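The values are calculated or read from the model by the stated rules, or taken from the named source; none is laboratory data. Just so you know, these numbers come straight off a predicted model, no measurement behind them. Methodologically, a virtual Cβ is constructed for each residue, glycine included, from the backbone with ideal geometry; neighbour enumeration extends over all protein chains shown. The protein model used for the area step is the full one, side chains on, heavy atoms only, and it has no ligands, DNA or RNA in it. Shrake-Rupley method; radii C 1.70, N 1.55, O 1.52, S 1.80 Å.
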Amino acid sequence: MTPPEPCSDAHPAWLPLEAWRAVGARHTVVYGQGLLVDTVFAEIERACAGHGGAVARGIGEPAGHPAQLMFALVKSLPPGDDLGRMAYAELAAPGESLGSEGFVVARPGEVTVVLADAPAGLLYGLFEVVRLGEAAFGPAYPVRVHRPALGRRMLDHWDNVDVHPVMGQVERGYAGGSIFWRDGRPRRDRARLRAYARLLAACGVNAVSVNNVNVHATEARLLTERLDEVAEIADELRAYAIRVHLSVTFAAPVILAGLPTADPLDDRVRAWWAETTRRVYDRIPDFGGYLVKADSEGQPGPFSYGRDHADGANLLAEALAPHGGVVHWRAFVYNHRQDWRDRSTDRARAAFDHFAPLDGRFLDTVIVQVKHGPIDFQAREPVSPVIAAMPGTRLAVEFQVTQEYTGQQRHVCYLAPWWSEVLQFRPWGDDGRSVAEVAADLVAVSNVGDDRFWTGHPLAQANLYAFGRLAWDPGLSPETVLDEWIDLTFDPASSAGPALLRSTLHEIMDDSWRSYERYTAPLGVGFMVRPGHHYGPDVDGYEYTPWGTYHFADRDGVGVDRTRATGTGFTGQYPSPWAEVYESLDNCPDELLLFFHHVPYGHVLHSGSTVIQHIYDTHFAGVREVEAMARRWQRLAGLVGDDVYARVDELLGEQLRCAREWRDQVNAYFHRKSGVPDAHGRPLH
């Protein structure tokens with residue numbers, strides 16, 4: 001395998017050549033065979049070409065020098081290599097397998113050793129050494145064991161093959177066009193795909209679904225006559241241990257084969273899926289599986305045949321099981337034709353009502369994919385009760401890296417603190433398991449496009465990096481992950497002010513999610529966005545629509561009553577103690593108050609402020625925080641690349657404009673509703 005060529009039209013993100021300095025300056029030996037070991041060798045070879053080191057395959061002295069760094073599959077260690085065997089013997093549980101992706105890093109003396117049982121572990125071990133930099137080569141240290149907490153760490157691309165007349169090339173895409181498709185055809189940009197695969201492997205992502213969950217006519221054919229196009233993508237991603245998945249339509253037997261039905265219990269339908277899936281694996285032997293959105297927002301599903309979601313998911317699971325694949329079946333199912341006058345219908349209840357009664361009926365190769373909150377990736381939601389309601393079902397928790405409701409990659413909004421809160425949340429209380437411990441997989445909607453910076457906003461790269469790292473190790477702190485991303489992306493060794501760079505980026509990014517929350521929708525109420533494109537404020541934009549996303553503001557108060565006592569009963573979907581916490585007006589956390597309760601404007605929060613004054617204060621505060629972000633960014637002129645500086649500076653200007661619009665519209669709206677003036681006498685427009 002030749003060293004991978006850099007993608008000249010894409011920003012290197014967290015893998016610039018400078019990040020490889022510590023590896024590339026050493027003399028390295030690599031033991032082992034296979035495609036992923038070839039990838040490890042090629043990556044080190046390229047690093048050495050840039051930094052003066054040397055790498056050899058299967059001999060002890062690269063370029064005539066003693067090895068300073070060793071990568072080895074344990075089974076490939078030479079008989080006389082006591083160093084590697086000594087490191088492996090120091091594992092915390094001797095004889096325990098590292099698994100298919102685990103690895104150890106040790107420095108028992110003057111050589112840094114990376115060992116793995118399987119090739120993917122060696123690849124992830126390489127990127128760990130890149131993260132460590134010179135710290136990997138300091139004083140001796142004992143074995144450090146690394147294994148991923150979640151087996152599948154997956155990105156869902158909402159990319160369309162054809163350009164959709166409303167949603168474009170990428171649905172909810174804020175970074176340009178698709179890296180896979182363009183105007184109905186594959187892009188076939190191998191350098192871009194390989195660069196993307198490297199970035200994903202370096203943060204721990206190991207699976208990608210390559211097309212939109214809303215499967216249109218052209219995209220449906222990726223499963224059959226256009227399968228070769230999917231295989232081409234798989235061929236590029238495979239070298240970085242990334243398996244390809246495909247979104248499929250439940251109606252595929254009707255659309256693609258002309259069958260009169262897609263009934264999951266029909267033998268003809270089952271036979272068609274079995275044979276079609278066999279052909280997929282004949283072409284892509286390491287294919288990951290299917291992703292399905294069914295009976296949701298107009299997508300076809302088993303309800304059309306009087307069947308339930310277990311029937312539908314199990315149909316595909318049976319077809320995939322002989323080949324080792326899985327079906328991710330999304331639990332995002334709700335009535336999007338609600339009557340806004342009817343306060344008893346509650347979109348938040350829908351996933352639980354549809355799926356909890358089916359617990360225990362799904363086959364092992366079904367993974368029910370649950371959005372982390374019960375509505376739709378709002379800037380503040382409670383954790384979905386479905387995560388605690390299905391102990392007999394494998395679950396994937398779904399995040400949204402693309403910033404549909406958090407500024408659309410025009411706003412700085414570092415999402416790792418939010419995701420960390422979700423992953424550490426304990427649905428059964430302090431003594432119970434966390435969300436991270438319940439989940440089988442962690443999945444996120446991708447924020448990547450063909451923009452030079454991958455994510456549109458250069459700082460939004462941190463969200464993609466953080467998703468992969470938290471999926472690998474949910475215990476990492478968001479601050480630590482941000483430090484990793486900063487040091488990899490902006491080389492400290494070549495910066496004129498590395499301490500200023502790091503501190504400034506933390507000042508801008510650490511609290512940016514909460515800043516966004518402050519100047520947008522307050523206290524968990526959500527969805528005050530412009531309908532359709534979801535950018536910018538429109539307080540009543542969805543209030544009288546069928547979508548079920550209401551705030552019920554009137555002259556007396558605001559919020560949705562989801563209590564068992566007087567509301568929709570949604571609080572009863574949670575186990576104790578959270579059912580009681582959310583039910584209680586006295587105990588409900590302030591940040592979720594309006595999600596669970598309709599309260600008067602004069603209701604006093606735990607903070608001591610009234611609801612109406614909190615709305616005013618936080619919206620003014622959020623704008624001030626964005627103003628401070630813009631000032632702080634100006635410190636970094638000359639400390640980051642000119643292209644990065646200019647793009648971020650431009651986008652901070654747009655963020656400030658939009659934040660002021662949010663402040664003025666929200667404050668004016670609630671002033672007119674409540675008639676209550678601001679206690680500080682500020683203009684409320």
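Summary table below
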quantity	calculated
Förster radius 41 Å - calculated FRET efficiency between A271 and D353, Cβ distance, rounded to 0.05	0.80
Amide H within-cut-off set for L291, under 5 Å, with H built and near neighbours excluded	L246, S247, V248, H328
All Cα pairs of region 329-457, percent lying beyond 25 Å	32 percent
Where Rh is the Kirkwood radius over Cα pairs, Rg/Rh for region 160-202	1.03
Net charge dipole size for region 232-363 [Lys, Arg +1 and Asp, Glu -1 on Cβ; Debye, nearest 20]	180 debye
Debye intensity ratio in log₁₀ form over the Cα atoms of region 414-454, taken at each q of 0.27 Å⁻¹	-0.96
In order through region 361-376: 3J(HN,Hα) via Karplus (6.51 cos²θ - 1.76 cosθ + 1.60), integer Hz, x for Gly, Pro	9, 7, 5, 5, 8, 9, 10, 6, 9, 10, 4, 5, x, x, 10, 6
Euclidean distance between Cα centres, region 95-149 to region 269-338, Å	38 Å
Share of alpha-carbon pairs per 10 Å distance bin for region 39-78, given as whole %	28, 60, 12, 0
Surface per residue (accessible, 1.4 Å probe) for region 626-675, Å²	46 Å²
Full-stretch length increase - S97, D511 - with 0.36 nm per residue and alpha-carbon distance subtracted	145.1 nm
The chain, relative contact order [Cα under 8 Å, separation at least 6], %	11 percent
Amide H contacts under 5 Å for F399, placed H, 5+ residues apart	V443, A444, V445
Amide N proximity, region 327-354 versus R361 label position 7 Å along Cα-to-Cβ, cut-off under 11 Å	354
The chain - percent of accessible surface contributed by carbon and sulfur, probe 1.4 Å	51 percent
Those lysines that a straight Cα-Cα span of less than 24 Å connects to K293, excepting residues fewer than 8 apart in one chain	K371
Value of [θ]222 nm, deg cm²/dmol, for the chain, DSSP H segments ≥ 4, -39500 (n - 2.57) each, nearest 500	-10500 deg cm²/dmol
Quotient of C-alpha Rg and 2.2 N^0.38 Å, computed over region 183-231	1.30
Mean Cβ count within 10 Å, highest first, over the residues of peptides 411-423, 600-612	411-423, 600-612
Projected-area average for region 110-193 over all orientations - Cα convex hull basis, square nanometres	8.5 nm²
Overall form of region 263-409 per C-alpha gyration tensor (a/c, 1.5; a/b vs b/c)	prolate
Accessible surface, region 212-371, averaged per residue in Å² (probe 1.4 Å)	36 Å²
Probe 1.4 Å, all protein chains present, accessible-area order of R452, R657, R279, largest first	R279, R657, R452
Average silhouette area of region 468-620, convex hull of alpha-carbon atoms, in square nanometres	12.7 nm²
Region 197-276 - Rg over Rh from alpha carbon coordinates, Kirkwood radius	1.07
Ellipsoid equivalent to region 572-612 - semi-axes via the Cα gyration tensor, in Å	20, 10, 7
Karplus-derived 3J(HN,Hα), 6.51/-1.76/1.60, for each residue of region 150-164, Hz, glycine and proline x	10, x, 10, 10, 10, 10, 9, 7, 9, 8, 9, 6, 7, 6, 6
Computed magnitude of the charge dipole of the chain (debye, nearest 20; Cβ of K, R +1, Cβ of D, E -1)	440 debye
Most positive-pole-ward Cα, G298, G475, Y616, against dipole of the chain from beta carbon charges	G298
Length added when fully stretched, A217-D339, from 0.36 nm per residue minus Cα-Cα	40.9 nm
Percent breakdown of C-alpha pair distances by 5 Å bin, ordered from the shortest bin, for region 169-302	2, 10, 18, 22, 21, 13, 8, 4, 1, 0
Accessible area per residue in Å² at 1.4 Å probe, computed on region 97-204	32 Å²
Principal axis dimensions, largest first and in whole angstrom, of the chain by Cα	82, 66, 51
Helix axis angle, 611-634 relative to the chain longest principal axis, alpha carbon, degrees	30 degrees
Between helix 227-237 and the chain: long-axis angle, C-alpha atoms, 0 to 90°, nearest 10	60 degrees
Backbone HN-Hα couplings from phi across region 255-267 [Karplus 6.51/-1.76/1.60, Hz, Gly and Pro as x]	5, 9, 10, x, 5, x, 8, 10, 3, x, 9, 7, 4
